[in-house]
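To keep things clear, I will list the structure first and then write my remarks on it.
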Amino acid sequence: DNNGCSNVDSVTIFVKPFPALVSSGNSSICADSTLSLSVAGATTYSWSPANLVSNASSANPNFTGTQSAELYVTGTTNGCSKKDTLNIIVKPLPQLQTIADTIICKQQNILLTTTGANTYSWSPALQLNNPNIASPTFTGNVSQKYYVTGFVAGCSKTDSVEVTIHN
């Protein structure tokens, strides 16, 4: 100051680091499925929108949405927070439709017409001309219940048809 006096003081500053969030990242699931999410690197967590996860304060909630969504998770440690964004794509199931249960006469063939998917798998393959097409021909003489699984973009749906042989 003007009198030639001086004084020194010190201040200690503590810099708290941001949490090092590591999340499960962007994902995709089929409709009607549950996706397990995970995040680590903080002490507490908060997910939003909260209604799309099973427990909005958990490090490992389940995604329960039926449509694609953008989720946010905030991790907090020692009063410092960091946010991460996860994009969840919900893929639709095939709109599989096959013929109704059918009764036919012995020695009669029937086309098991099915639509709604990109690829198909029939089980059992017995008495079918090709178990890997949408609409195989039944050429048997024994009643049988068939299951067809249709696939679209990695998602599947199963339907059934019973072919009964009338004696």
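Expressed as a whole percent, the accessible surface of the chain that belongs to carbon and sulfur atoms is 50, based on a 1.4 Å probe.
Think of the chain as a dipole: +1 on every Lys or Arg Cβ, -1 on every Asp or Glu Cβ, centred on the Cα centre; then among THR139, LEU128, GLY4, THR139 lies furthest on the positive end. Taking a straight line from the alpha carbon of LYS106, these aspartates and glutamates sit under 17 Å away, with near neighbours fewer than eight places off in the same chain left out: GLU162.
Hey, what D do you get for the range 95-167 in µm²/s if you plug the Kirkwood alpha-carbon radius into Stokes-Einstein at 25 °C and 0.890 mPa s? The partial results should precede the final answer.
On the way: Rh = 12.2 Å.
Roughly 202 µm²/s, to the nearest whole number.
Per residue, the chain exposes 61 Å² of accessible surface when a 1.4 Å probe is rolled over the protein heavy atoms with every protein chain present. Peptides 106-115, 67-76 ordered by packing proxy, namely the average of other Cβ atoms within 10 Å per residue, highest first: 67-76, 106-115. The value of relative contact order for the chain, using C-alpha pairs under 8 Å at least six residues apart, is 18 percent. In the range 1-104, the convex hull through the Cα atoms has an average projected area of 10.7 nm², a quarter of its surface area.
Our note on the geometry: Cα centres of the range 61-76 and the range 124-167, 38 Å apart. Computing Rg and the Kirkwood Rh from the Cα coordinates of the range 45-140 gives a ratio, Rg/Rh, of 1.36.
Could you size up the charge dipole of the chain around its Cα centre, putting +1 on the beta carbon of Lys and Arg and -1 on that of Asp and Glu, and report it in debye to the nearest 20? Show your work: numbers first, answer last.
On the way: 7 positive and 8 negative charges, 83 e Å.
That gives a dipole near 400 debye.
Here is the short version for the chain: CYS5, CYS80, CYS105 have no other Cys C-beta closer than 4.7 Å.
The values are calculated or read from the model by the stated rules, or taken from the named source; none is laboratory data. Every value quoted in this text rests on a predicted model; they were computed, and no experiment measured them. Because the Cβ atoms are built from the backbone with ideal geometry, glycine has one as well, and the counts that use them run over all protein chains shown. Note: areas computed on protein heavy atoms with side chains; ligands, DNA, RNA excluded. Shrake-Rupley method; radii C 1.70, N 1.55, O 1.52, S 1.80 Å.
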